[in-house]
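The values are calculated or read from the model by the stated rules, or taken from the named source; none is laboratory data. Model, not experiment: these values are computed from the prediction. Virtual Cβ from ideal backbone geometry, glycine too; neighbours counted across all protein chains shown.
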Amino acid sequence: MAKIGIAGASGYTGLELLRLLINHPKSEIVFLTSETYQGQAVSKVFPSLSGFTDIKFSSIDSVSSEHCDIVFLALPHTVSMHKVSLFLTENTRVIDLSADFRLKDPAVFKDWYSTRHQQPSLLKEAVYGLPEIHREAIKSARLIANPGCYPTSITLALAPLITKDWVDLSSIVADSKSGISGAGRKAALATQFSEVNEGVSAYNIAVHRHTPEIEQELSTLSKTDIQISFSPHLIPMTRGMLSTVYINLKQDMSAEDLLEYFNNFYTNEPFIRILPLGEYANTHFTVSSNFCDIGVQVDIRNRRAIITSAIDNLIKGASGQAIQNMNLMLGISEKSGLSFPGIFP
Ligand SMILES: NC(=O)c1ccc[n+]([C@@H]2O[C@H](COP(=O)([O-])OP(=O)(O)OC[C@H]3O[C@@H](n4cnc5c(N)ncnc54)[C@H](OP(=O)(O)O)[C@@H]3O)[C@@H](O)[C@H]2O)c1
C-alpha cells in the first residue's frame with residue numbers, strides 16, 4: 001500500500017483526490033489538510049464521505065511527510081511553492097496540482113504570476129505530468145507538475161499535429177469553455193450563481209495564465225517557438241471542459257486521413273478516445289471520468305483542421321490525471337482506481 005497525504009483536501013481538487021483514492025486498490029490516506037476545517041472529521045464537513053473515512057483534517061504546518069510515499073499538493077498557485085519543501089524528501093515524492101512547477105523559466109513565472117519563484121532550482125527537476133507525452137520521465141520523477149485543465153484539453157488536441165510540417169504552427173487558435181468548479185471552492189463574485197447562471201462569458205482573452213504553459217509544452221514538442229491565441233469562457237455547468245482548437249493546413253487533407261492519423265498517434269492510450277468521423281467531443285460523456293474524448297474535422301474550403309476535446313476539469317484536468325501520474329510513479333497499472341465510465345445523464 002502506498003501511503004498518501006493530501007494538502008488542501010477541503011478544496012475541489014483535493015476532495016476529488018480523496019473520493020478517488022478511497023476506492024484505489026493500492027493507496028492508504030495518512031493525512032488531509034485544511035486550515036478552515038482543522039480538527040474536524042472530513043465526513044462531517046462533506047457528508048458524501050460518511051461511512052467511507054473518519055479521518056480528520058489537520059493544519060498543513062502540523063503534518064509531516066515522514067510516513068508518506070506520495071504527497072499531493074492541491075493548494076492555490078503561489079502557495080504550493082512555499083509548502084513543497086515541507087513534504088519533498090528523500091523518501092517522499094510530490095505531485096503538485098497548482099501551476100507553481102509547470103513553467104521552466106522563473107522569469108516567465110514572474111511575468112504571469114506577478115511574484116518571484118521561491119524554489120527556482122526545483123523548476124528544472126519537476127516533470128510535466130501529462131502521461132500521454134511524458135510517461136517515461138514521470139515514472140522516476142520526484143516532483144510532478146500536474147498540468148492545468150485548459151492545457152490538458154488543448155495540448156492533447158494538438159499533440160498529434162504539432163510535429164508535422166503540413167500544419168501552420170503560427171495559426172493556432174484555442175477556444176475553451178469551462179465549468180465553474182474550474183475556479184475552485186473559495187467564494188468570489190465572478191463565480192456566484194446569479195453571475196454565471198443562464199449566461200456564457202469570455203474572460204482573460206489573450207492574457208489567461210495558462211497561455212505560457214500551453215505554449216511551453218507545444219514549443220517543447222515541436223522544437224520551435226509557438227504562440228497561440230487562447231480564449232477561455234465560463235459556462236454555467238459545475239464540471240466539464242470543452243476546447244475547440246483550429247490550426248491551418250499547408251496542404252489539402254481529408255478528414256478521413258486526419259482521423260486515421262489521430263487514431264494511430266493515440267493507439268493504446270487508456271484514457272484517450274478518438275471519436276468516429278462526424279462526432280464531436282461532448283462534456284456529457286466525459287464528466288466524472290478520466291477520459292479525454294477527441295473529435296476531428298477538416299474544413300476543406302479553408303484548409304483548416306478543427307479538433308474538439310472534452311474532459312472533466314476536476315478529473316483528467318486535475319485529480320484523475322494526478323492519480324494516473326501516481327500510478328506510473330508507483331509502477332502499478334496506469335488505470336488503477338481510474339477505470340470507470342463517466343456519469344450520464
Ligand atoms: N478546480 C480545477 O478544475 C483545477 C484544475 C486543475 C488544476 N487546479 C489547481 O489545483 C489547485 C487547487 O485547486 P482547487 O480548485 O481545488 O482550489 P480550492 O477549491 O480553492 O481549494 C484550495 C485548497 O487549498 C487550501 N488552502 C488555501 N490557501 C492555503 C494556505 N495558504 N495554506 C494551506 N492551505 C491552503 C484550502 O484549504 P482551507 O481553505 O480549507 O483552509 C483548500 O483545501 C489550484 O492551484 C488550481 O489552480 C484546479
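Within segment 59-72, residues that are assigned to a loop (DSSP other than H, G, I, E, B) have Cβ atoms under 6 Å from residues that are away from the ligand (no atom under 11 Å from the Cβ) and among the hydrophobic types (A, V, I, L, M, F, W, C) in these pairs: Val63/Phe31; Ser65/Val71; Ser65/Phe87; His67/Val30; Cys68/Val30; Asp69/Ala2, counting only partners at least 6 apart in sequence or on another chain.
How many residues, within segment 245-255, are within 22 Å of the chain's Cα centre (by Cα) and either surrounded by 22 or more Cβ atoms within 10 Å (Cβ to Cβ) or more than 18 Å from Leu169 (Cβ to Cβ) (or both)? Within segment 245-255, residues that are within 22 Å of the chain's Cα centre (by Cα) and either surrounded by 22 or more Cβ atoms within 10 Å (Cβ to Cβ) or more than 18 Å from Leu169 (Cβ to Cβ) (or both) number 1. Checked against the criterion of being farther than 22 Å from Pro276 by Cβ, within 16 Å of the ligand (Cβ to nearest atom) and among the polar types (S, T, N, Q), the candidates Ser176, Ser229 yield just one match: Ser176.
For segment 24-40, name all the residues that are over 29 Å from Lys335 (Cβ atoms) and surrounded by 16 or more Cβ atoms within 10 Å (Cβ to Cβ).
If we filter segment 24-40 for residues that are over 29 Å from Lys335 (Cβ atoms), which is where we start, we get 34-40.
Within segment 24-40, Ser34, Tyr37, Gln38 meet the criteria.
I'm checking my understanding of the structure. Among residues of segment 1-21 that are under 16 Å from Val94 (Cβ atoms) and assigned to a loop (DSSP other than H, G, I, E, B), which one is nearest to the ligand (Cβ to nearest atom)? So the residue we want is Gly8.
Annotation note: Cβ proximity below 6 Å between a residue of segment 185-197 that is farther than 18 Å from Leu314 by Cα and a residue that is away from the ligand (no atom under 16 Å from the Cβ) (sequence gap 6+ or interchain) occurs for no pair.
Residues in segment 131-167 that are farther than 11 Å from Val245 by Cβ, assigned to a helix (DSSP H, G or I) and away from the ligand (no atom under 13 Å from the Cβ): Pro131, Glu132, Ile133, His134, Arg135, Glu136, Ala137, Ile138, Lys139.
For segment 315-329, the condition of being in a loop (DSSP other than H, G, I, E, B) and within 30 Å of Gly8 (Cα to Cα) holds for none of the residues. Inside segment 260-284, can you point out the residues that are in contact (Cβ under 8 Å) with a residue 40 or more places away in the chain, farther than 14 Å from Ser243 by Cα, part of a helix (DSSP H, G or I) and touching a strand residue (DSSP E or B) at 6+ places or on another chain (Cβ under 8 Å)? If the condition is that a residue be in contact (Cβ under 8 Å) with a residue 40 or more places away in the chain, farther than 14 Å from Ser243 by Cα, part of a helix (DSSP H, G or I) and touching a strand residue (DSSP E or B) at 6+ places or on another chain (Cβ under 8 Å), then Phe262 is the only one that fits. All conditions in (1) surrounded by 15 or more Cβ atoms within 10 Å (Cβ to Cβ); (2) assigned by TED's automatic domain parsing to the domain that holds Phe87; (3) among the hydrophobic types (A, V, I, L, M, F, W, C) hold for Ile133, with the sole exception of (2).
Checked against (1) more than 19 Å from Gly184 (Cα to Cα); (2) within 16 Å of the ligand (Cβ to nearest atom); (3) not small (Gly, Ala, Ser), Leu73 passes all but a single condition, namely (1). The single residue among Val79, Val63, Val94 that is closer than 29 Å to His117 by Cβ, hydrophobic (A, V, I, L, M, F, W, C) and near the ligand (Cβ under 9 Å from one of its atoms) turns out to be Val79.
Counting only residues that are charged (D, E, K, R) and part of a loop (DSSP other than H, G, I, E, B), which one in segment 81-104 is modelled with the lowest pLDDT? Spell out the reasoning first.
Quick first cut of segment 81-104, residues charged (D, E, K, R) only: 83, 90, 93, 96, 100, 102, 104.
Those still in the list that are part of a loop (DSSP other than H, G, I, E, B) too: 90, 100, 102, 104.
Working: Glu90: 94, Asp100: 98, Arg102: 98, Lys104: 98.
That would be Glu90.
Within the set Ser170, Ser181, the sole residue that is within 13 Å of the ligand (Cβ to nearest atom) and either of a type in the set (Ser, Thr, Tyr) or in a helix (DSSP H, G or I) (or both) turns out to be Ser181. Residues in segment 22-47 that are among the polar types (S, T, N, Q) and within 15 Å of the ligand (Cβ to nearest atom): 5 in all.
Here segment 48-60 is the region considered, the condition is being within 13 Å of the ligand (Cβ to nearest atom) and among the hydroxyl-bearing types (Ser, Thr, Tyr), and the residue that is surrounded by the most Cβ atoms within 10 Å (Cβ to Cβ) is Ser58.
For Glu217, the criteria (1) over 20 Å from Tyr280 (Cβ atoms); (2) in a strand (DSSP E or B) hold in every case but one, which is (2).
Residues being modelled with pLDDT of 95 or more, in contact with a Cys (Cβ under 8 Å, 6 or more places away or on another chain) and of a type in the set (Val, Ile, Thr) are represented in segment 149-164 by at least one member.
Does at least one position in segment 194-212 carry a residue that is exposed (fewer than 15 other Cβ atoms within 10 Å of the Cβ), within 14 Å of the ligand (Cβ to nearest atom) and assigned to a loop (DSSP other than H, G, I, E, B)? Don't jump to the end; show me each part of the working.
Pass one, segment 194-212, residues exposed (fewer than 15 other Cβ atoms within 10 Å of the Cβ): 194-195, 197-207.
Pick out the ones that are also within 14 Å of the ligand (Cβ to nearest atom) and you get 204.
Now restrict to residues that are assigned to a loop (DSSP other than H, G, I, E, B): 204.
Yes, there is a match, as at least one residue in segment 194-212 is exposed (fewer than 15 other Cβ atoms within 10 Å of the Cβ), within 14 Å of the ligand (Cβ to nearest atom) and assigned to a loop (DSSP other than H, G, I, E, B).
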